[in-house]
Amino acid sequence: MKKITVLLFTLLIGGGLFAQMPNFGIKVAATAATLNTSDLGANYSSDNLLGYQAGVFLRLNSGKLYLQPEAVYNHRSTQLAGFSGGDITFDVGTIDVPVLVGFKILDGKVFNLRAFAGPEASFATSDGTSSDNVTIADFNKMTWYMQAGVGVDLLFLTFDLRYEKGLSNFIDDYNNQGNLKNNVWVFSLGLKFM
């Protein structure tokens, strides 16, 4: 009887520790980005263009709360309309580092529903271009975003819908006409390995 009690106690403690073990995984995403054109005036607008992301995440669980740092390659693509020469397309690759704080609204063994928010630092890489001869040197090397969203986990799959609000300028004083901030919708699919 003593051995069975010790075994059950060990299983309960081990199960409790496993529930708090961190999750890590990989993710891919489709993005739709626009530029905030309020600094440029009423004649300008921005259209959504599709981009993509790929990266890794670590989820540190503490009951219903969790902390989720990520490292993501993001291909940002957006279009600016209103110029006499036609629409201008911007493409830039960034390495993004969001740090999200989340809450599990529903927390089951097989399924959970989450809400999260947090800051993101975004670093421009060497492949920034546009149809208006803008090069990587014209993009800010680092920009800040705020992310918020909801997610669902089903077994080892994770789905997120998030919005990234640009807090700092993507490009400063574009063509001497104003600053541009990037806003992005993100739909991601991930695999958790633990």
Exercise. Counting residues in segment 22-192 as N, plug N into 2.2 N^0.38 Å and put the Cα Rg over that result.
Key: 1.10
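Using a simple charge model, +1 on the beta-carbon of Lys and Arg, -1 on the beta-carbon of Asp and Glu, nothing else, what dipole does segment 22-192 show about its Cα centre, in debye to the nearest 20? Provide the component values of the computation, followed by the final result.
Values: 12 positive and 16 negative charges, 197 e Å.
Computed about the Cα centre, the dipole is about 940 debye.
Each value in this text was obtained by applying a stated rule to the coordinates, not by laboratory testing. These numbers come from a predicted model, not from an experiment. All Cβ positions, glycine included, derive from the backbone under ideal geometry; neighbour counts span all protein chains shown.
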